[in-house]
Structure formats: C-alpha cells, structure tokens
Amino acid sequence: MIEKGKISAYQMGFMMYPTIMATAILIVPGITGKYAHNDLWLSPILASLVGFITVLIAYRLNKLYPNQTVIQYCQSILGRYLGKALGLAYILFYMHTSGVVLRQYSDFISLSFLPRTPMIMISSTLILAAAFAVRNGIESVARSAFICAIIFMVPATFMLFLIPDLDLKNLLPVMEHGIMPSLHGAIIPQSWFSEFFLIAFLLPYLSDDKKGMKWGLLSVLFVMIGLTYVNLLILFLFGHYVSSMQYPLMTAFRYISVAGFLDNFESVVMAIWVLGNFVKISVFYYAVSLGLSQWLNLVDMRPVVTAIGLMMIIFSYWGLQNLLDVTLYFTEAFIIFGTLMQTFVPALLLAIGYVRRLKVT
C-alpha cells in the first residue's frame, strides 16, 4: 500500500468541510440569490441531497472494495483497460479542477489585496505549502486541515452578533413563487456537494472505518448548515440586492464595526479564507498524487508530488483568462462535469459492482 498512514473518521469530516466551503462560501450566496431571490436560503438545503447521496455511494463502493480507492476499484469493476481509462479521467478531472480553484484563489487575492504581486507567486506559494503537507502523507494533511477547519468556522459564527442592521423582514414572503426558484438556485451549489466523492480517496485509510459514513454525512450536514446560515445573513443584510453582487460575503464583513473603531474585518476574513483554500488544494492535491501513483503502480507517491504541483499551476492558466472565466466554469461547466464524474459515474460503478458480485455468488 502506497499510503501507510491512518486518520480517524472525524478527521476526514473536518478535511471535507473547508474543502467544500472554501470556494462555495464566496460565490454561492450571489448565485443562489440571482435565481431564488429571498428564498436563497432554501437552495443549499435542496443541493445538499446530492452530497448525502454521493457520500452513501462512496461508502458503499468502499464496502464492496475495501482498501481500494476509486482509481483501483475502477479496474476491479470495469476491467484493466476500461478501468485504467476511467481512472485517468478522474486524475485529469481533479487536476483540472484544482487548477481552476488555484486560479480563483490567485486572481481574487491579486485583485483584492496584492495587485502588484505576480499571480504566479501567489499560486506558487500556496502549492508549495500544500506540497509539504502532501509529501508527508494523509496524516499531515488531516492534522493541518483539522486546525484550519476550526479557524475557518470562527468568523461566520460571530457574524450574526457583529453585523448591524439585519432586517428579518427580507425573508418574507417565503416561497412566494413556489419551490422552483429555490430548485433553480440549487443547481449550481449541488456540484460543490458532489465533491464529497473525494472521500473515496480517504475511506481506505480510516482507522475507524465503520464511522466513515457517519462522519461523511455529518460533514455534508455541517456544510449545508454553514451555507444556509451565510445565505440567511446575506439576505437579512442586503435583501433583494444580493442578486446583483458577485462576492456578497466580503461586502458583508465591511459592515462590521466593533466599539466604533475596530473595522476592516474583510482582511481577517481573507486570511481565514486563505487557510480554507490551503485545505481544499491540499485535499485535491493529495487525491491526484495518490491516484496517479496507484494508476502507475508506484510504491511511493512522493516522486510525483512536485510534478503534479507544477501541472496544477499550468492548469490554472490553461484556458482561463481572468476571474470571469473561473466563475463561468463553476456556474456552467462544473455543474455538468462535477456531478457527472462525482455522483452519476460512481452510481453506475456501484450498480455494476453489485451485479458482478451477484454473478460471482
């Protein structure tokens, strides 16, 4: 086995929370507000159904093929050649998605805080930090993710008490136009929830694998609660103006003022957001490194870590001109490819796996 480390199920859950929230929390309120209007808080609840289903599929696949990641049981289910092809598709998919996330991170940091710093330096420093964690294995990624996840949860928790002028009337009327606007608003966020299929790379290395499904589902629940909570706060603060905002969360933190002299909290939020993106990139980076090592039948994944990091930087520029292209990818392309690769294809693999098991017995 390439990975000799072990993590607990709750560590896996804490790894996945910022992995989903880091990018979703920035643009989901504006996206859902555009379609669902004052019912935008319902959209994450509806979208989370994809997350719950994805976790169940990944867990059942792990039970059918214990000690194997998706790259390995693709070959067990589909045979050597088709399995190899699908495994390579997963590696390229997650590498490309990592590049898009990296580009979003570097573009946003460059435009908002470091306009004179070359973006290649911003993305390279994040990749370098993630590479140190990945080279040290899953335990290193899990421990750093646990610390970052705790810090990541802090600012949103206290927003309710720090932001003035929250108007609860902005919530009304509830479902004035029925459930369809909320369903429309849930189409894009559901692709983020499909990213919970990343646990397919983590489940074989749990020390308490019987709790894997429990903590996977709890992580989906916490993400759903987190996005619903943030959407409600944004709605209470901005009302119908949310639909015209690209990054309403950052705007909301500019309203925070403590005792009349402590303000500019968006800088604190940005620092914590950087930690969230570090976790997200690290988890994707680890999945790609482990997956490629297994695909190549290597005995150690460390030799490929540096090359994969360079490829992620290349993918962050390949076909992406600016932050608008990144937003278009997440709001148009990823809702198809993300859900296809991380929910529908795994469901098909599970069905084929069950059929093969029935034939054997």
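Values in this text are rule-based calculations from the coordinates and carry no lab data. Treat the numbers as computed from the prediction; the structure is a model and nothing was measured. Here the Cβ is made from the backbone with ideal geometry for all residues, glycine too, and neighbour counts use every protein chain on show.
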Out of Met180, Met301, Met21, a Gaussian network model of the chain with alpha-carbon springs under 10 Å gives the largest mean-square fluctuation to Met180
For the table Lys6/Lys280; Lys6/Lys214; Lys6/Lys359; Lys169/Lys214, the rows whose alpha-carbon distance is greater than 29 Å are Lys6/Lys359; Lys169/Lys214
Rounded to the nearest Å, the spacing of the alpha-carbon centers of segment 1-49 and segment 197-233 is 9 Å
Computed for the chain: size of charge dipole around the Cα centre, +1 on C-beta of each Lys and Arg, -1 on C-beta of each Asp and Glu, debye to nearest 20, value 1320 debye
When the chain is treated as a Gaussian network with springs between alpha carbons less than 10 Å apart, the largest mean-square fluctuation among Ala22, Ala145, Ala351 is found at Ala351
Options (i) 65, 47, 38; (ii) 75, 56, 32; (iii) 84, 56, 39 are given for Cα extents along the principal axes in Å, and the computed one is (i)
Net charge near Leu320 (other residues with Cβ under 14 Å of its Cβ; Lys, Arg +1; Asp, Glu -1) is -2
Only helices counted: for the chain, with every DSSP H run of 4 or more residues adding -39500 (n - 2.57) and the sum spread over all residues, [θ] at 222 nm is -23500 deg cm²/dmol
Counting Lys and Arg as +1 and Asp and Glu as -1 over every other residue whose Cβ sits under 13 Å from the Cβ of Val141, the net charge comes to +2
Helix 42-64 sits off the longest principal axis of the Cα atoms of the chain, rounded to the nearest 10 on a 0 to 90 degree scale, by 10 degrees
Rounded to the nearest 10, the angle in degrees between the Cα long axis of helix 80-112 and the longest principal axis of the Cα atoms of the chain comes to 20 degrees
Farthest towards the positive end of the dipole of the chain, among Thr343, Trp215, Gly137 and with Cβ unit charges of +1 on Lys and Arg and -1 on Asp and Glu, lies the Cα of Gly137
